[in-house]
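K.L.:
Sharing a structure here in structure tokens format.
The values are calculated or read from the model by the stated rules, or taken from the named source; none is laboratory data. Keep in mind the model is a prediction, meaning the values are calculated, not measured. Glycine also receives a Cβ, built like all others from the backbone with ideal geometry; neighbour counts cover every protein chain displayed.
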Amino acid sequence: MSTSDPVPVVDISPFLDGSPDGKRAVARSIAAACEESGFFCITGHGVDEALIARTRQAAEHFFDQPLEQKRKVLRAEDRIGCGYYPVADRSLAHTLGVKTPPDLQEAWVMAPPDTPDDPYYHGETARYFFGTNHWPEGMPGFRETMSEYFRTLTGLGKRMMGLFALALELEEDYFADKIDRAAGGLRLLHYPPQSVAAEPGQFRAGAHTDYGTMTILRGDDVPGTLQIKHPSAGWIDIRPPANAYVCNLGDAMARWTGGRWASTLHRVGNPPSPEGSKGRISLVFFNQPNYDVVLGGIDGTSDGAVTLAEHYIEKIHRAVSSVPPAA
């Protein structure tokens, strides 16, 4: 990796096709990216571009609705779980103890669409991962599109965990019993055009690391985009190739590997100038294991290991601390 190419592009189709040599080659490329930056782009992922386009279009349609319409599916009062999150409803930098103004974004959050009638999927801890989805009114096909996209990305996430296992020189099915009740989530994000300059220290998304194993993202390539903190070049815009997903490791994977793999600091920057700035849509899938999995052991130790739920819930509460809830 170089400062001119901070995020490697990996064609994962040889892994998905299943040839042993192809799998090993892709695993080596993924291992290098995960050890150096924790960020990479994937092509050859097999997700239908028409489905991605429909999902983005549905997201844009939702965010174009009047505020009173979006608020009909408002998230819970404690700002946890599914539904609509208004602009300035959280501050991601708070998760790392950095106090900043609220982030300049709005969101709609979805939990898995298929929740079995089992105690694991219900109760106080489960509500952070398997809450009731709030579907907007007057948007035919929205529920079906989001459910299809969620299931498709869940499948891709499971294949990526097999690829991660090979990259860590483990058996491909090492994670299988740790992701069979996966607690993933989908977040549609809208970063509105900025008519005035942001406050000091305020961004579309403040600097943070993600909480789970891996994030799989497709976002608009416009000014005011995703940035990573490069070790030698500072903050760098991510400009993925067409039809690629941007992927990054989260804290869970860093903990699981004893720090061998990186959970990289990133943010969403502001447009260079409010004048003429454009809005931005991102489809963000958070790939996560079972919430009761202990994040340790791959490196031969489990010192200080926590469950995904323990880590995730702490970070979620930090993100909303000191941010006044939207009226």
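K.L.:
Looking at 52, 30 in this structure, which one is assigned to a helix (DSSP H, G or I), of a type in the set (Val, Ile, Thr), touching a residue at least 12 places away in the same chain (Cβ under 8 Å) and farther than 26 Å from residue 190 by Cβ?
P.N.:
30
K.L.:
Also: Check segment 55-75 and report whether any residue there is over 21 Å from residue 293 (Cα atoms), in a loop (DSSP other than H, G, I, E, B) and acidic (Asp, Glu).
P.N.:
Yes: one or more hits.
K.L.:
Looking at 140, 116, which one is farther than 20 Å from residue 77 by Cα and at pLDDT below 95?
P.N.:
116
K.L.:
A further question on this structure: When segment 247-277 is examined, which residues are found to be exposed (fewer than 15 other Cβ atoms within 10 Å of the Cβ), in contact (Cβ under 8 Å) with a residue 12 or more places away in the chain and among the charged types (D, E, K, R)?
P.N.:
260
K.L.:
Residue by residue through segment 218-235, note down the ones that are out of contact with any Ser or Thr (no Cβ under 6 Å at 6 or more places or on another chain) and among the aliphatic types (A, V, I, L, M).
P.N.:
222, 226
K.L.:
Among 151, 239, which is the only one that is among the charged types (D, E, K, R), in a loop (DSSP other than H, G, I, E, B), surrounded by fewer than 21 Cβ atoms within 10 Å (Cβ to Cβ) and without any contact (Cβ under 8 Å) to a residue 40 or more places away in the chain?
P.N.:
It is 239.
K.L.:
Answer with yes or no whether residue 163 is in a helix (DSSP H, G or I), modelled with pLDDT of 95 or more, under 30 Å from residue 67 (Cβ atoms) and under 19 Å from the mean Cα position of the chain (by Cα).
P.N.:
Criteria not met by residue 163.
K.L.:
Conditions: (1) more than 23 Å from residue 238 (Cβ to Cβ); (2) touching a residue at least 40 places away in the same chain (Cβ under 8 Å); (3) not charged (D, E, K, R). Residue 193 meets all but one. Number of the miss?
P.N.:
Only one criterion in (1) more than 23 Å from residue 238 (Cβ to Cβ); (2) touching a residue at least 40 places away in the same chain (Cβ under 8 Å); (3) not charged (D, E, K, R) is unmet by residue 193, namely (1).
K.L.:
Mind telling me which of the residues 182, 176, 165, 126 ends up being crowded, with 16+ Cβ neighbours inside 10 Å and without any contact (Cβ under 8 Å) to a residue 24 or more places away in the chain?
P.N.:
Selected residue: 165, the only one of 182, 176, 165, 126 that is crowded, with 16+ Cβ neighbours inside 10 Å and without any contact (Cβ under 8 Å) to a residue 24 or more places away in the chain.
K.L.:
I would also like to ask the following. Please specify each residue of segment 268-298 satisfying the condition of being more than 13 Å from the chain's Cα centre (by Cα), polar (S, T, N, Q) and within 22 Å of residue 239 (Cβ to Cβ).
P.N.:
Selection gives 270, 273, 277.
Let's see how each residue does on (1) β-branched (Val, Ile, Thr); (2) out of contact with any Cys (no Cβ under 8 Å at 6 or more places or on another chain); (3) more than 24 Å from residue 237 (Cβ to Cβ); (4) modelled with pLDDT under 95:
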site: 2; (1), (2), (3), (4): no, yes, no, yes
site: 15; (1), (2), (3), (4): no, yes, yes, no
site: 29; (1), (2), (3), (4): no, yes, no, no
site: 44; (1), (2), (3), (4): no, yes, no, no
site: 47; (1), (2), (3), (4): yes, yes, no, no
site: 53; (1), (2), (3), (4): no, yes, no, no
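K.L.:
Within segment 47-98, restricting attention to residues that are closer than 23 Å to residue 145 by Cα and basic (Lys, Arg), which residue is surrounded by the most Cβ atoms within 10 Å (Cβ to Cβ)?
P.N.:
For segment 47-98, the residue satisfying everything is 75.
K.L.:
Here is a check on your reading of the model: is residue 145 part of a helix (DSSP H, G or I), touching a strand residue (DSSP E or B) at 6+ places or on another chain (Cβ under 8 Å) and of a type in the set (Val, Ile, Thr)?
P.N.:
no
K.L.:
Continuing with the same structure: Going through segment 211-224 one residue at a time, which ones are crowded, with 22+ Cβ neighbours inside 10 Å and in a loop (DSSP other than H, G, I, E, B)?
P.N.:
Of everything in segment 211-224, those that are crowded, with 22+ Cβ neighbours inside 10 Å and in a loop (DSSP other than H, G, I, E, B) turn out to be 211, 212, 213, 224.
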